[in-house]
Amino acid sequence: MNLSKKSLMHMYETMIRIRLFELKLQEFFAAGEIPGFVHLYLGEEAVATGACTALTDSDKITSTHRGHGHLLAKGGDLKLMMAEIFGRQTGYCKGKGGSMHIADMDLGILGANGIVGGGGPLSVGAALAAKYQKTDDVAMCFFGDGASNQGTTQEALNMASAWKLPLVFVNENNGYGISCPQCKSMAVVDIADRAAAYDMPGVVVDGNDVLAVHEAVVEAVKRARKGEGPSLIECKTYRWRGHFEGDACTYRCVEELEEWKGKDPIPRFEAKLIESNTLTKAEAEETWKRIEKDVDEAVEFAKSSPMPSTSALMDDVYA
Amino acid sequence: MSEKTYLQALNEALRQEMESDEKVFILGEDVGQFGGCFGVTQGLFAEFGEERVMDTPITESTIVGAAAGAAACGLRPVAELMFVDFIGVAFDQLFNQAAKMRFMFGGKATVPMTLRMPQGAGIGAAAQHSQSLESWFMNIPGLKVVIPSTPHDAKGLLISAIRDDNPVVFLEHKLLYGATGEVPDESYSIELGKADVKREGSDVTIVAYSQMLYSALEAAEQLKADGINAEVVDPRCLLPLDKDTIIDSVKKTHKLVVAHEAVTFAGAGAEIAAIIADEAIEYIDAPIKRVGAPFCPVPFSPPLEQFYIPGAGQIIEAVKSIC
């Protein structure tokens, strides 16, 4: 693919932003400063980045419980996200949603989702709205290997295909549905094979190669915009952390984790950029530092923000 | 103004809202050429085409979820499930997604969808096609629950439901589709959350809705012979519930019977009785009585089903036990 330096740098920075955001959350969760559950996206940065950089602001996404990466890649604001995860009034959802329910309708983010498979039907609705209103928008449904077994996901794939909706299904296959390995939860090796049942393209890509993800998704988005219907892109990847922070991960071996860490999507892409003279080592260093500062500022913003007032509890139950 | 059936009133509400707002569309199983399982959408496919009257696969989760997603993206979908009993397979999309999006997202999403579902027993449809499940939805913050009993209310309330910016569960009783009444030809709306006193009286308040309203009115007529003048209040909406109208009536009559076709235990009647106990007990002169179905699934065989469905007889009995 022929991508501009600007696009390549945007991808690079997005992956670093997700990485540093998640590392910071890991740190503060361990310190007991973050309430509730946190599901980190570490190791999977190339999927959200490669996929969302194929979209425009008005395109819609539905996300998952492991949604921070998708939201940041779609343009989510570091400060508003961090404040929400810290449960602050200044957060995206005024502290009412938390990590699993961040949304930004202005950026086309229809929400992370605490229900595995919850986003499929909603993404059908978003794609249906685009088709109905004859906009040029597409919808994108992120879902994991676990969600691929849910009836809702199969229903959504079917309806999207039957109605030729402008929808791209991006499967993030990290090999485990919580603790259950893929081989125990499904007979297929490639989730993309399921696309054949709905007469849509099913493509397997290296989910740790941002350009491979991007290329496949761009094709799918093109097809969707042309009115040719949905596609299913399976991105094979791995989560470095447990299902949630605090998960002892007894169901995986260290060797497996180390092997996948060797396929870390960020240094792989960084090396490519340096090799092609798109990026210098000094620029790389500066980028990491700059984004680290942005993330620190987001933490500062979150921590200095007030907790929600209990008087706001009943707000927004109804429109 | 002319006499119309409940079904025609609903059909007219859908047609008029679709005519006045292009954002309104219908989706559901067999709602197109077939006209809907009970015929509520008849003629709309011919008039508005498949782009606005969409036949879906038999996948209730995605019917409800697609409505929620499209609503969050600016449309006003009216989804139909053939029977309320099918909400079980779609429940997550209703209560975890549609109902909560606005709150979870800090007020940044609006989900103006209507979910129409026929309910109720009386046609021999047995345990999975006959239930009255309104109390399930009453327990979900973020939803509105509308349950009309007359053709006039059905039209005005459906128009309001479609125009409402929240997810609205609209429960129709399948035995009422043929009920007739005066219905204005023009479009009109009835505010959601306003009860209607369907019969004025002074001796006892009977709160009843949907099909049971007719049993309550019949009971009230028969009770005249015993010198009992019953007031019949139709809440029309269960969420929000018009507590004031019920409390005002109880202040006048000092006695309360709540009647519905759903099982008595943990039904809407339990909530209404509890509200009176909490907020107006000093006006009550006798125990609050509830009339509802026995705590068993809806049976199939006609004599069993008829025995199961509560009617005027039980309401009269309940009233007489406290008057």
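The values are calculated or read from the model by the stated rules, or taken from the named source; none is laboratory data. The model shown is predicted, which means the values in this text are computed figures rather than measured ones. Cβ placement follows ideal geometry from the backbone for every residue including glycine, while neighbour counts extend to all protein chains displayed. Remember, those area values only see protein heavy atoms, side chains included, never the ligands or the DNA or RNA. Shrake-Rupley method; radii C 1.70, N 1.55, O 1.52, S 1.80 Å.
Observations on the model:
- Classification of the range B:60-109 by its C-alpha gyration tensor yields an oblate form. The axis ratio a/c (a ≥ b ≥ c) is 1.5 or more, and b/c is at least a/b.
- Accessible surface ranking that places the most exposed of B:Ile123, A:Ile266 first, with a 1.4 angstrom probe: B:Ile123, A:Ile266
- Phi angles across the range A:159-164 convert, under the Karplus curve 6.51 cos²θ - 1.76 cosθ + 1.60 with θ = phi - 60°, into 3J(HN,Hα) values of 5, 4, 6, 4, 9, 6 Hz, Gly and Pro given as x.
- Between the range B:230-284 and the range A:45-74, the C-alpha centres lie 49 angstrom from each other.
- Close amide H partners of A:Val38, meaning residues 5 or more places away or on another chain with modelled amide H under 5 Å apart, are A:Glu245.
- Carbon plus sulfur fraction of accessible area for the range B:228-295, probe 1.4 Å, in percent: 52 percent
- The listed residues B:Ile288, A:Ile291 rank as B:Ile288, A:Ile291 when sorted by accessible area, largest first, using a 1.4 Å probe.
- A 1.4 Å probe run over the protein chains yields, for chain B, 36 Å² of accessible area per residue, whole-number rounding.
- For A:Met140, the residues whose amide H sits under 5 Å from its own are A:Lys60, A:Ile61, A:Thr62, A:Val168, ignoring neighbours fewer than 5 places away on the same chain, with H placed 1.01 Å from N.
- Extension gain, A:Leu3 back to A:Val188 (0.36 nm per residue minus Cα-Cα distance, nm): 63.2 nm
- Annotation: extensible slack from A:Thr56 through A:Glu286 equals 80.1 nm (criterion: 0.36 nm per residue apart, minus Cα-Cα distance).
- Heavy-atom SASA rank of A:Arg290, B:Arg236 (probe 1.4 Å, accessible area, largest first): A:Arg290, B:Arg236
- Number of Lys-Lys pairs in the range A:91-225 with C-alpha atoms under 27 Å apart and a separation of 8 or more places or on different chains: 5.
- Computed over the range A:167-319, the quotient of the alpha carbon radius of gyration and 2.2 N^0.38 Å is 1.38.
- Total accessible area lost when B and A pair, probe 1.4 Å, Å² to nearest 100: 3300 Å²
- Modelled spin labels at B:Glu218 and B:Ile275, positioned 7 Å past Cα toward Cβ, are 2.6 nm from each other.
- Cα gyration tensor, the range B:165-323 - rounded (a/c under 1.5), prolate or oblate: rounded
- In the range A:298-319, burial by the other protein chains removes 40 Å² or more of 1.4 Å probe accessible surface, compared with the chain on its own, from A:Asp316, A:Val317, A:Tyr318, A:Ala319.
- Across the range B:52-88, the residues whose backbone nitrogen lies under 13 Å from the label position 7 Å along the beta-carbon direction of B:Asp30 are B:56, B:58, B:81-83.
- Note on chain A: with charges restricted to the Cβ of Lys and Arg (+1) and Asp and Glu (-1), its dipole about the Cα centre is near 520 debye.
- Anchor B:Lys198: aspartates and glutamates whose Cα lies under 19 Å away (excluding residues fewer than 8 positions away in-chain): B:Glu3, B:Asp153, B:Glu172, B:Glu182, B:Glu218, B:Glu221, B:Glu231, B:Asp234, B:Asp242, B:Asp244, B:Asp248, B:Glu261
- Beta-bridge orientation, the protein assembly as shown: approximately 20 percent antiparallel, per DSSP, counting only bridges with both partners inside.
- Placed amide H near A:Ile102: partners under 5 Å, 5+ positions off or other chain: A:Ala112
- Karplus-derived 3J(HN,Hα) values for the range A:241-246, using 6.51 cos²θ - 1.76 cosθ + 1.60 with θ = phi - 60°, are 9, x, 4, 10, 5, x Hz; glycine and proline are entered as x.
- Only protein heavy atoms count here; under a 1.4 Å probe, A:Ile178 has an accessible surface of about 90 Å².
- All Cα-Cα separations within chain B were binned at 20 Å from zero, giving a P(r) of 33, 57, 9, each value a whole percent of the pairs.
- Phi-derived couplings, Karplus 6.51 cos²θ - 1.76 cosθ + 1.60 at θ = phi - 60°, listed residue by residue for the range A:174-191: 9, x, 9, x, 6, 9, 8, x, 3, 5, 8, 9, 7, 8, 7, 8, 10, 4 Hz, with x used for Gly and Pro.
- Pairwise inverse Cα distances across chain A, averaged and inverted, put the Kirkwood hydrodynamic radius at 19.8 Å.
- Just the protein heavy atoms count here, and of the accessible area of chain A at 1.4 Å, carbon and sulfur take up 54 percent.
- The mean number of partner chain beta-carbon atoms within 10 angstrom of a residue's beta-carbon across peptide B:72-78 is 6.
- Shielded residues, the range A:140-189 - accessible-area loss of 50 Å² or more between chain alone and all protein chains, probe 1.4 Å: A:Glu155, A:Met159, A:Trp163
- Nearest-20 debye value, the protein assembly as shown charge dipole, Cβ charges on Lys, Arg, Asp, Glu: 640 debye
- Over 22 Å between alpha carbons, listed pairs A:Lys79/A:Lys236; B:Lys224/B:Lys252; A:Lys79/A:Lys303: A:Lys79/A:Lys236
- A:Trp240 - accessible surface, heavy atoms, 1.4 Å probe, Å² rounded to 10: 40 Å²
- Put the Cα centre of the range A:90-128 next to the Cα centre of the range B:179-204 and the gap is 39 Å.
- The tail of the calculated P(r) for the protein assembly as shown, taken as Cα-Cα distances beyond 46 Å, holds 26 percent of the pairs.
- Contact order, relative form, for the range A:190-319: 19 percent (alpha carbon pairs under 8 Å, 6 or more residues apart, mean separation divided by residue count).
- Model label points for B:Glu191 and A:Ser309, set 7 angstrom from Cα along the Cα-to-Cβ axis, are 2.8 nm apart.
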